[in-house]
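The structure under discussion appears below in the form of C-alpha cells.
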Amino acid sequence: MSGIKICGMGHYTPPKLMTNADLEKIVDTSDEWITSRTGITTRHHCVEETHSDMCREAAKMALEKAGIKPEEIGVCIVATLTSDFLAPSAACLVQRDLGLQDDTICFDLNGACSGFLFAMHTMECMLAASPQKHGLVIGAEMLSRFINWEDRSTCVLFGDAAGAAVVEWNEDYESIHALLGCHGDSDMLGVTGAGHKDPPQIFMNGQPVFKFAVTAVPWCIDQVLKRNGRTIDDVDFFVFHQANTRIIDLAVRKYHIPEEKYYKNIEKYGNTSAASIPMVLSELSQFGKVASGSRVMLVGFGGGLTWGAALVEFK
Ligand code: ACO
C-alpha cells in the first residue's frame, strides 16, 4: 500500500463572462442551440490575466485550504496545453510566484482534457520517491486564445480556468489506482501547435468525439472499480470532465447515480479542458459536498485521444 490523498483544493476563473447572447453577436448560433446541445450558458475568458496568474491564484487557494506552506511542496506539476510560454514551463512560473523551494521538481504535462488525471498519477509516483511528501497538481487552461471564430461548432464550447490540488503521499494511504490510456489521432480533436503548418487553433470533429466519450466514460468507471475490487456504491462522489452535459447525463443514467452524488458546473464555465476536473473538486469541497474521508471517482477524456479515471480520497 502507498498513495496520495487530497489535502486542499483551489480554483480560479477570470472575471470576464462570455454569455451565449454575446456569442450570438459574433457567430451564427443561438442560446437555444448551445444550451440544448451542450448545457453551457456562460464561460469565462481571460482579458488581462495570464495563464500563470490563473495557476498562481488556484494554487494559493489550495495551499491555504490544505494549511501547507509553499516550502513544504516537493513536486509541482501543471497539466496544460496553453501555457504562457513553451519555455519556461507554467510550473516553473508557479515556483517563482509562490516561492516554492529551488529544489522543487516543477514541470508541465500535456494530457489535454485528461491532463489532471495524468498529473495525479505522475505525482503519486514521484512523491513515493521524494523526501518531500506534499505535491501541487494544477490543471490550467486558456483555450480562449486558440478559438477558431470561423468554426461555430467549437467556438461556443471553451472557457478559461485553473484548478489546483495539494496532495500528501503516505505509505499507509491507498493508491489512487489511476487508469490512463491513449490512442494517437491528429484528426479528430486537438489544438495545432508550433510545429504545425496551420496557425495554432482548436479543431474538433464533434460527433465521433462524442461517440468516443460516451464509450470511454463507462469503460473507465468499470475498469477502475474492477481493479480496486469496489462497486458503484463504494464511491461517495463522481466527478466527470465537463465537456458536454449530455455525456455526463448518459453516464449518470447508466449507473443510476443519484443526484446528490455528482455535480455539473459546465453551465457556468464551459469546457475548461485540464482545469475542469479540479474545478469541480474545488467547488465541491467549498460547498462541503466532499470532505475528509470522501472517496471520489474522477473520469476524464479528451484530445490525444486520451482517457483516464482514478479513485481519490480526501484527507
Ligand atoms: N450553433 C448553431 N448551430 C450549430 C452550432 C452552433 N454553435 N454548431 C454546429 N451547429 C449546427 C451544425 O452546422 C449542424 O447543422 P446541419 O445539420 O445543418 O449541418 C448541426 O448544428 C449539428 O451539428 P453537429 O456537429 O452534428 O452537432 P452535435 O449534436 O454533434 O453537437 C458538439 C456538437 C456539442 C460539439 C458535440 O458533438 C460534442 O459535445 N462532442 C463531444 C465534445 C467533447 O467531448 N470533447 C472532448 C473534450 S475537448 C478537448 O479535449 C480539447
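How many residues are within 16 Å of the ligand (Cβ to nearest atom) and either in contact with a Cys (Cβ under 9 Å, 6 or more places away or on another chain) or small (Gly, Ala, Ser) (or both) if we restrict to region 119-143? Of the residues in that region, 5 qualify.
Go through the residues of region 35-58 one by one and say whether even a single one is more than 23 Å from Leu17 (Cα to Cα) and either more than 16 Å from the ligand (Cβ to nearest atom) or touching a helix residue (DSSP H, G or I) at 6+ places or on another chain (Cβ under 6 Å) (or both).
Filtering region 35-58 down to residues more than 23 Å from Leu17 (Cα to Cα) leaves none.
Within region 35-58 (the criterion being more than 23 Å from Leu17 (Cα to Cα) and either more than 16 Å from the ligand (Cβ to nearest atom) or touching a helix residue (DSSP H, G or I) at 6+ places or on another chain (Cβ under 6 Å) (or both)), the answer is no, since none of the residues qualifies.
Looking only at region 228-249, count how many residues are assigned to a loop (DSSP other than H, G, I, E, B) and not acidic (Asp, Glu). Steps first, please.
Step one: of region 228-249, the residues assigned to a loop (DSSP other than H, G, I, E, B) are 229-231, 235-236, 241-244.
The next check asks that each one be not acidic (Asp, Glu); those that pass are 229-231, 235, 241-244.
Count: 8.
When residues in region 257-275 are screened for being assigned to a loop (DSSP other than H, G, I, E, B) and touching a residue at least 24 places away in the same chain (Cβ under 8 Å), 5 of them pass.
Hey, does region 232-243 have a residue that's free of Cβ contacts under 8 Å to residues at least 12 places away in the same chain and either over 19 Å from Leu179 (Cβ atoms) or buried (at least 18 other Cβ atoms within 10 Å of the Cβ) (or both)? Give the derivation first.
Step one: list which residues in region 232-243 are free of Cβ contacts under 8 Å to residues at least 12 places away in the same chain, which gives 233.
Subset that is either over 19 Å from Leu179 (Cβ atoms) or buried (at least 18 other Cβ atoms within 10 Å of the Cβ) (or both): 233.
Yes, there is a match, as at least one residue in region 232-243 is free of Cβ contacts under 8 Å to residues at least 12 places away in the same chain and either over 19 Å from Leu179 (Cβ atoms) or buried (at least 18 other Cβ atoms within 10 Å of the Cβ) (or both).
Comparison of Leu98, Leu86 shows that the only residue that is more than 16 Å from the ligand (Cβ to nearest atom), in contact (Cβ under 8 Å) with a residue 40 or more places away in the chain and under 14 Å from Ala59 (Cβ atoms) is Leu98. The requirement of being within 28 Å of Gln242 (Cα to Cα), of a type in the set (Gly, Ala, Ser) and either open to solvent by 10 Å² or more (accessible area, probe 1.4 Å) or not in a helix (DSSP H, G or I) (or both) is not satisfied by Ser114.
Take Tyr173 and decide whether it is out of contact with any Gly (no Cβ under 9 Å at 6 or more places or on another chain) and among the hydroxyl-bearing types (Ser, Thr, Tyr). Walk me through how you get there before you give the answer.
Details: out of contact with any Gly (no Cβ under 9 Å at 6 or more places or on another chain): no; among the hydroxyl-bearing types (Ser, Thr, Tyr): yes.
For Tyr173, the condition - out of contact with any Gly (no Cβ under 9 Å at 6 or more places or on another chain) and among the hydroxyl-bearing types (Ser, Thr, Tyr) - is not met.
Annotation note: Cβ proximity below 7 Å between a residue of region 170-187 that is closer than 14 Å to Leu225 by Cα and a residue that is of a type in the set (Phe, Trp, Tyr) and surrounded by fewer than 16 Cβ atoms within 10 Å (Cβ to Cβ) (sequence gap 6+ or interchain) occurs for no pair. Here Lys268 passes the criteria (1) open to solvent by less than 10 Å² (accessible area, probe 1.4 Å); (2) more than 16 Å from the ligand (Cβ to nearest atom) except the one numbered (1).
Checking each residue in region 117-143 for being under 19 Å from the mean Cα position of the chain (by Cα) and not in a helix (DSSP H, G or I) picks out Gly135, Leu136, Val137, Ile138, Gly139, Ala140, Glu141, Met142.
Conditions tested, residue by residue: (1) open to solvent by 20 Å² or more (accessible area, probe 1.4 Å); (2) polar (S, T, N, Q); (3) outside any helix (DSSP H, G or I); (4) at pLDDT below 95.
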position	(1), (2), (3), (4)
Ala251	no, no, no, no
Ile277	no, no, no, no
Glu283	no, no, no, no
Lys289	yes, no, yes, no
Ser292	yes, yes, yes, no
Leu298	no, no, yes, no
Phe301	no, no, yes, no
Gly308	no, no, yes, no
Glu313	yes, no, yes, no
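For residues in region 87-107 being hydrophobic (A, V, I, L, M, F, W, C), more than 20 Å from the chain's Cα centre (by Cα) and open to solvent by 20 Å² or more (accessible area, probe 1.4 Å), which is nearest to Ser273 (Cα to Cα)? Talk me through it step by step, then tell me what you get.
Residues of region 87-107 that are hydrophobic (A, V, I, L, M, F, W, C), as a first pass: 87, 90-94, 98, 100, 105-107.
After this cut, where a residue has to be more than 20 Å from the chain's Cα centre (by Cα) as well, the list is 87, 98, 100, 105.
After this cut, where a residue has to be open to solvent by 20 Å² or more (accessible area, probe 1.4 Å) as well, the list is 87, 98, 105.
Working: Ala87: 21, Leu98: 24, Ile105: 24 Å.
Going through the qualifying residues, I end up with Ala87.
The values are calculated or read from the model by the stated rules, or taken from the named source; none is laboratory data. These numbers come from a predicted model, not from an experiment. Don't worry about glycine lacking a Cβ; one is built from the backbone with ideal geometry, like all the others, and counts go over all protein chains shown. We work out accessible area using only protein heavy atoms, side chains counted, and drop any ligands, DNA or RNA first. Shrake-Rupley method; radii C 1.70, N 1.55, O 1.52, S 1.80 Å.
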